[in-house]
Amino acid sequence: MTDPSRRPVQRDWLSKTTAGLVLGAVLAIACSGLFSRLNAAMPLAVRGQLAMWMVPPIWLGVLSGVYFFSSGVRAWLWLGAAGAFITGVLYVL
Amino acid sequence: MRSEFVRIYKAVHTWTGIVAGMALFIAFYAGALTVFKEPLAAWASPPVAGSVVPLAETPKLIAGVLAADPVTARDFTIHITDAEHVPGRMGWQVRDPDADDHDESSVRHYVGTLDAAGLARIEASHPSQLASFIDVLHRVVGLPVDSDPNRWVMGLVAALYALALVSGVVVLLPSLVKDFFALRLGKNLKRMWLDAHNVVGIVSLPFHLVMALTAVVFAFHDGIYVVQDKFVHDGKWGTAFQRQQPAAVAPGRDPAGMLSPLELIARARAFAPGFEPTMLQYQQITGPRAVVRVWGKDAAAVSPRARGGFAALDPYTGKVINSDFLPGRQSTPSLFVSSFFALHMAAFGGTAVQWMYFLLGLAGAWLFYSGNLLWVESRRRKRSRDGGELPVQRRDVRLLASATVGVCIGCMCGISLTIVGAKWAYGLVGDANAWLLPVYYASFFGCIAWAFLRGAAKAAVHLLWLAAAATLAIPLTSCLAAVAPSLNMWVHTSLSSLGVDITACVGAVAFGWMAKATARRVRQGVPDSVWSEGQAPCLQGSAPGVGVQAK
């Protein structure tokens, strides 16, 4: 097996950027859903505002971190898995 | 960190910065001025004719105006504090239903006054839109109208800005300890500019992260709410802000039964000591949901909005209905939401924080300007060491240098000339607001054209002198107004209005200093640079004067 830290980093501008844009949005909405679900006692007016405010930091955080993946495929796989996991948790809760 | 990542993030930083940099310069320069929106509005407001109705006589004024125009009961404001930009004691606005919510230019303003006989009179007022105009430039990165599509452009710029911030930090991280406290002044100008760019960027990073993320929210919140309503709130978001049905109160209440403004102010003060009311906003006072919002500020607390916060009172009983937006009295989750607004709009900590934001805003504008300069410098063609022929700089480099000089200095010239123009136009043509937009864009595009025609080096000197002159014209206009009343201009002597004049004086000196420093660089700096007078303007292929320089 090759040492993962030795694997060459591929630039993959298009696939990494689209992964950050698309899956970053999915993750952000899913996380805001989780926040909303876990704070159901909070009045909807303020809970909804906080849930909205957390979307851009998560979305842009994912988008700006996505270039640390060693390839675009890995970005799609990892972020897709994370998005699926949080969405799944939302369904179970 | 692996060097591959640094290289990748350097590319991200370079291209997001180049695409967003000039728009961000405008947003930050105009935004720094918008911190002092009220003083600017005061400076530009013509004196109010006649005397302001005393607060104690306000109930009579309200009753008289409502009798003359019952529709006013829907929403009107009683101004408590007297300031130059407050046109009268009682004011209200009529919005064009077709116009965008954020479009202030289509709003018609009215004031109610009492004449000598004690009868109510309604007059249209035309407050100066200078401060709003600069605010719009700030909100939509230099575009003329605050509309949905323009805000989306701004949001895109803000998203690129967030990417540029993160990538800039990633690029700097490996050498942060070595570079952070180093400002290497000296012969290597690029090193010095890079060190300064890094120091300003890192020191003000929290401010910039706040600005980038809040600006994205301001642009895209409507869209995010729609998506969340579908996937998170199960379609119930629309009901979140519906107020609970109040206890059965007979509709058609008589406004004569309302508590007087002085009593309402006293109730709000008793409820929240430290809260300084500035105005009373009455809404639906003849309906079952009559409410008066007592707006004000509390320097010791976070304000939910730029103009402060409010306590919602029942105007008939004086009971506090809602303190969700009252500075210092908010629930923790509401305070979180308010703090995002306050952190963007400097609505906390009083005047000291406003000055801090003003300086951080100007430093931010400089950050984007210096970023473009570094892009230009990195692509410089240097003369070979043995002193061969002077190289012609790349065309794209000359174009970007000219664009940077034209857009950035053009924006500063344009804003100063618009401020000056707001006062002159009122004296000369009457409807000064109609002249704000043409004056700004004529000077802005004029400066850009000049920068492309004459080349970045020479134009930078000319335009900086123009900026100095235009900015100096702000206090000079006030002086002229004081000595020549026939010009139909005015000078206010309140601290906030004089503050505009004094700040403009300092700004003019700063521009003059920059112009002199730039002129020195253009004459005496290295000749193999776009910042040398020997270089061709970017619209020409060859470089006149190159041969002379090379000899």
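The values are calculated or read from the model by the stated rules, or taken from the named source; none is laboratory data. On a predicted model such as this, the values are computed, not experimentally measured, just so you know. Methodologically, a virtual Cβ is constructed for each residue, glycine included, from the backbone with ideal geometry; neighbour enumeration extends over all protein chains shown.
Conditions (1) at pLDDT 95 or above; (2) at the interface with chain B (Cβ under 9 Å from one of its Cβ atoms); (3) within 20 Å of B:Leu160 (Cα to Cα); (4) touching a helix residue (DSSP H, G or I) at 6+ places or on another chain (Cβ under 9 Å), marked per residue:
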| site | (1), (2), (3), (4) |
| --- | --- |
| A:Arg37 | no, yes, no, yes |
| A:Ala40 | no, no, no, yes |
| A:Leu63 | yes, yes, yes, yes |
| A:Val66 | yes, no, yes, yes |
- So, in the stretch B:456-494, of the ones that are touching a helix residue (DSSP H, G or I) at 6+ places or on another chain (Cβ under 8 Å) and of a type in the set (Val, Ile, Thr), which residue ends up surrounded by the fewest Cβ atoms within 10 Å (Cβ to Cβ)? B:Val491
- Query: With respect to B:Ala23, is the statement that it is modelled with pLDDT of 95 or more, closer than 24 Å to B:Leu194 by Cβ, surrounded by fewer than 22 Cβ atoms within 10 Å (Cβ to Cβ) and away from chain A (no Cβ under 14 Å) true?
  - Reply: no
- Query: Looking at (1) of a type in the set (Gly, Ala, Ser); (2) out of contact with any strand residue (DSSP E or B) (no Cβ under 8 Å at 6 or more places or on another chain); (3) at pLDDT 90 or above, which is the one condition that is false for B:Gly287?
  - Reply: (3)
- Query: Can we say B:Asp229 is under 24 Å from the mean Cα position of the chain (by Cα), within 12 Å of another protein chain (Cβ to nearest Cβ), more than 15 Å from A:Leu60 (Cβ to Cβ) and not aliphatic (A, V, I, L, M)?
  - Reply: no
- Message: Yes or no: the stretch B:187-205 includes at least one residue that is in contact (Cβ under 8 Å) with a residue 12 or more places away in the chain and under 20 Å from the mean Cα position of the chain (by Cα).
- Response: yes
- Item | Conditions (1) surrounded by 15 or more Cβ atoms within 10 Å (Cβ to Cβ); (2) under 22 Å from B:Trp295 (Cα atoms); number of the one not met by B:Val48 | (2)
- Item | Those residues of the stretch A:9-32 which are within 8 Å of chain B (Cβ to nearest Cβ) and either aliphatic (A, V, I, L, M) or within 18 Å of B:Phe336 (Cα to Cα) (or both), in sequence order | A:Val9, A:Ile29, A:Ser32
- Within the stretch B:298-325, the residues that are within 23 Å of the chain's Cα centre (by Cα) and surrounded by fewer than 19 Cβ atoms within 10 Å (Cβ to Cβ) are B:Ala299, B:Arg305, B:Ala306, B:Arg307
- Can you tell which of B:Lys10, B:Lys37, B:Lys60 is of a type in the set (Lys, Arg) and within 14 Å of chain A (Cβ to nearest Cβ)? B:Lys10
- Hey, among B:Leu390, B:Leu359, B:Leu373, B:Leu399, which residue is loosely packed, with under 15 Cβ neighbours inside 10 Å and either of a type in the set (A, V, I, L, M) or touching a Phe, Trp or Tyr at 6+ places or on another chain (Cβ under 6 Å) (or both)? B:Leu359
